[in-house]
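One structure is given below, encoded as structure tokens.
The values are calculated or read from the model by the stated rules, or taken from the named source; none is laboratory data. Quick caveat, the model's predicted, so the values are computed rather than measured. Neighbour counts run over all protein chains shown; Cβ positions are idealised from the backbone, glycine included. Calculation scope for accessible area: heavy atoms of the full protein, side chains included, ligands and nucleic acids excluded. Shrake-Rupley method; radii C 1.70, N 1.55, O 1.52, S 1.80 Å.
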Amino acid sequence: MSDEIKIPEVITVGEFANRLNVPVAKVITELMKNGVMATINESIDFETAEIIAEFLELKISKEEEPKKIQAKVKKESKHIEERSPIVAVLGHVDHGKTSLLDKIRETDVASGESGGITQHIGAYQVEVKKDGSKDKKKITFLDTPGHEAFEKMREHGARVTDIAILIVAADDGVKPQTKEAIKHIKNAKSQMVVAVNKIDKPGADPTRVRQELMAEGVSPHEWGGDTEFIDISAKSGEGIDKLLETIIAIAEVNELVADPTVSAQGVVVESRMEPGKGPVATILIQNGSLRVGDYIQAGETYGKVKLMEDEHKNKLDEALPSRAVRVTGLRSVPEIAELVQGFDSEKEAKQESEKSKKYSVVKRAGQVKKINADSMAEDIKLVDRQDLNLVVKADVVGSLDAIKESLNKLSNDYVAVKFVSEGVGDINENDISMADVSQKVVIGFKSKVSPQAEQASKAKGVKIIKYDVIYELISDVKKLIAEMMPVERIETVIGHLKILGIFKVSPKKTVVGGKIEEGKVEKNAWARLKRKGEILGEYQAVAIQKGVSEVESGLSGEECGVSFAEKVKAEAGDVLEFFTISEKKKEL
Ligand code: GDP
């Protein structure tokens, strides 16, 4: 339809009324009728705008958002080439991020006698020799401080890092920021490699780090999980080669590619104003090539690339994918994490930056008010505490208050009771809509249900549960909470076997023989290898043998053979502590 009015994803109430050519008061009234209290300068989202427009019998459609760079390259593209991985280091403060990045810089084989990396530009590329071959591979490291930059880039929709190194100090273990880093890495869908650092320190316990990370859902490859763990010392340099080789190996498996023939696409990793140079920005190129003289747009600013140099202060005419370069020529200083796009003409670059400006003005105008409760439908699995989002209606204020007070007390460390909608009176259609985007349940205490709500609940599959007795209501909500409680891993030690001899050790199979000193051993049970009380690893026993025959289990006093489907570095005299694992929901 040609008379459709274009509305962006987010718009202020004032601008919305303006575009609709309707008095602002009328828009505010319609919003109020729909339960949204918004002033002229506050913003609403497109869905809300759509509902209001419908009431006003006007048709709107979405205005195209400024283009977000999709630096993802299709493998079918004709000009694809391999690109080097882009890597970030995350971890708890003092666990060695800076030391690791410094050490890696020193190991850069390309820098040789030239003095290595000479300036800090927020990212740098190193060349790594592949183990046993002359082949050299490049890795780009993001050297921006902390999680903030990482998170900012994610917010801007830039999937920048291919691989994230989670650094954990072996003498300190998993700390709050380690957990936060895991969340960031998972959210950004980057591949994770764990660097267990400071193994040179006397109190270092790399096994404990593995166990603690297992509890956070990051399981070591050597224990059957999917994450590589590398023990390193950022101080002595031990293990760093292996870490770099692992990164190269992961990059190879992931087949990272880019198309160097298209206009540059990238992201700002550092920016500032420099006397005599003007705005300077480090751009990490994700796809395409950037050349001196190119027109670029970076968020709200644009310009023509005047000067381009790398971390060695080398002047460049052209930069290829996965390279970070410092450029001058932008009209103002762009924000970190802004997306960068190359254009054929100044006009196009300028237009794009203006679009971006307009869009962010609206976005900054204030918190977005919306009619529906989308935010509650967000992925709650990633946060530690889950919300139980309830819609509650009661007959009178007194009983509503009493119910809310009792339900609030049910919140615990794992589940939080939240009221997304509450009120006194009949259960109406709005209650059903609110429940539809949360737990799909409306709780009514001595409330009637309007016929429209009845219908809507059937259509949307929302359950209405009515109560006349408060304690029954509370008891049912308790059951809901019990279902949402996390699962606990319970280990039960079933027996100990003392190893008397090693029959076979290979990467795919280990067989040991020994005597069961107490309890029992079982096929498929787990065994913890202990030497002088120290835990060396956990392995699953895939077979138990007594004499020549395979058995399901062996008892105290008996001698038997135990097989594992992997390499177990056991020695005679070690003890295998057998245990079973069961899972159980945490109790209230
Ligand atoms: P960041 O806060 O994560 O960047 O940590 P730093 O790199 O600043 O390191 C914090 C402290 O730990 C510094 O005093 C480093 O010298 C020290 N450190 C880092 N890595 C190692 C290591 O492998 N071994 C030892 N012994 N100390 C380390």
Which one of the conditions (1) of a type in the set (A, V, I, L, M); (2) at pLDDT below 85; (3) away from the ligand (no atom under 16 Å from the Cβ) does Ala123 fail to meet, given that it meets all the rest?
(2)
Output for region 181-210, where each listed residue is within 15 Å of the chain's Cα centre (by Cα) and in contact (Cβ under 8 Å) with a residue 60 or more places away in the chain
Ala181, Lys183, His184, Ile185, Lys186, Asn187, Ser190, Gln191
So Thr261 passes all but one of these: (1) within 30 Å of Arg331 (Cβ to Cβ); (2) open to solvent by 20 Å² or more (accessible area, probe 1.4 Å); (3) touching a His at 6+ places or on another chain (Cβ under 9 Å); (4) in a strand (DSSP E or B). Which condition number does it fail?
(4)
Among the residues of region 247-254, is there at least one that is modelled with pLDDT of 95 or more and either within 22 Å of the chain's Cα centre (by Cα) or not in a strand (DSSP E or B) (or both)?
yes
With (1) under 16 Å from Leu90 (Cα atoms); (2) surrounded by fewer than 20 Cβ atoms within 10 Å (Cβ to Cβ); (3) within 16 Å of the ligand (Cβ to nearest atom) as the list, and Lys235 as the residue in question, which single condition is left unmet?
(1)
For the condition among the hydroxyl-bearing types (Ser, Thr, Tyr), touching an Asp or Glu at 6+ places or on another chain (Cβ under 8 Å) and not in a loop (DSSP other than H, G, I, E, B), what is the one hit in Ser447, Ser406, Ser421?
Ser421
Is it the case, given these coordinates, that Gly561 is free of Cβ contacts under 8 Å to residues at least 60 places away in the same chain, within 13 Å of Gly495 (Cα to Cα) and part of a strand (DSSP E or B)?
no
For region 162-219, give me each residue that is at positive phi and crowded, with 23+ Cβ neighbours inside 10 Å.
Lys198
Gly557, sole failed condition from (1) over 35 Å from the mean Cα position of the chain (by Cα); (2) exposed (fewer than 12 other Cβ atoms within 10 Å of the Cβ); (3) closer than 30 Å to Ser406 by Cβ
(3)
Pull up region 22-49, narrow it to residues that are out of contact with any Leu (no Cβ under 9 Å at 6 or more places or on another chain) and polar (S, T, N, Q), then point me to the one that is nearest to Ile60 (Cα to Cα).
Ser43
So Thr178, is it within 13 Å of the ligand (Cβ to nearest atom), touching a residue at least 24 places away in the same chain (Cβ under 8 Å) and under 16 Å from the mean Cα position of the chain (by Cα):
yes
Restricting to region 564-588, name every residue that is in a loop (DSSP other than H, G, I, E, B) and open to solvent by less than 20 Å² (accessible area, probe 1.4 Å).
Val568, Ala570, Asp574
Can you find even one residue in region 182-195 that is in a loop (DSSP other than H, G, I, E, B), within 16 Å of the ligand (Cβ to nearest atom) and modelled with pLDDT of 95 or more?
no
Residue tally, condition part of a loop (DSSP other than H, G, I, E, B) and not charged (D, E, K, R), over region 546-558
4
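Across region 9-41, what is the number of residues that are part of a loop (DSSP other than H, G, I, E, B) and either open to solvent by 70 Å² or more (accessible area, probe 1.4 Å) or out of contact with any helix residue (DSSP H, G or I) (no Cβ under 6 Å at 6 or more places or on another chain) (or both)?
10
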Need the failing condition index for Asp413 against (1) modelled with pLDDT of 85 or more; (2) outside any strand (DSSP E or B); (3) among the charged types (D, E, K, R); (4) under 29 Å from Pro486 (Cα atoms), just the number.
(1)
Pull out all pairs, ordered by first then second residue, where Cβ-Cβ is under 7 Å, the residues are six or more apart or on different chains, the first lies in region 86-107 and is polar (S, T, N, Q), and the second is within 7 Å of the ligand (Cβ to nearest atom).
Ser99/Ala234; Ser99/Lys235
Determine which single condition Ala482 fails, assuming it passes every other condition in (1) touching a residue at least 60 places away in the same chain (Cβ under 8 Å); (2) under 21 Å from Ser399 (Cα atoms).
(2)
Only one of Ile80, Ile69 is modelled with pLDDT under 85 and under 26 Å from the mean Cα position of the chain (by Cα); which?
Ile69
Residue that is nearest to Ile535 (Cα to Cα) [pool: residues in region 196-228 that are of a type in the set (Val, Ile, Thr) and within 16 Å of the ligand (Cβ to nearest atom)]:
Val209
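Every residue, every condition in (1) open to solvent by 70 Å² or more (accessible area, probe 1.4 Å); (2) closer than 19 Å to Met214 by Cα; (3) part of a strand (DSSP E or B), yes or no:
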| position | (1), (2), (3) |
| --- | --- |
| Lys498 | yes, no, yes |
| Val512 | no, no, yes |
| Glu517 | yes, no, yes |
| Leu536 | no, yes, yes |
| Ile544 | no, no, yes |
Of the residues in region 456-493, how many are under 18 Å from Lys584 (Cβ atoms) and open to solvent by less than 50 Å² (accessible area, probe 1.4 Å)?
5
Can you go through Leu256, Leu244 and tell me which one is within 16 Å of the ligand (Cβ to nearest atom) and either surrounded by 19 or more Cβ atoms within 10 Å (Cβ to Cβ) or within 30 Å of Glu81 (Cβ to Cβ) (or both)?
Leu244
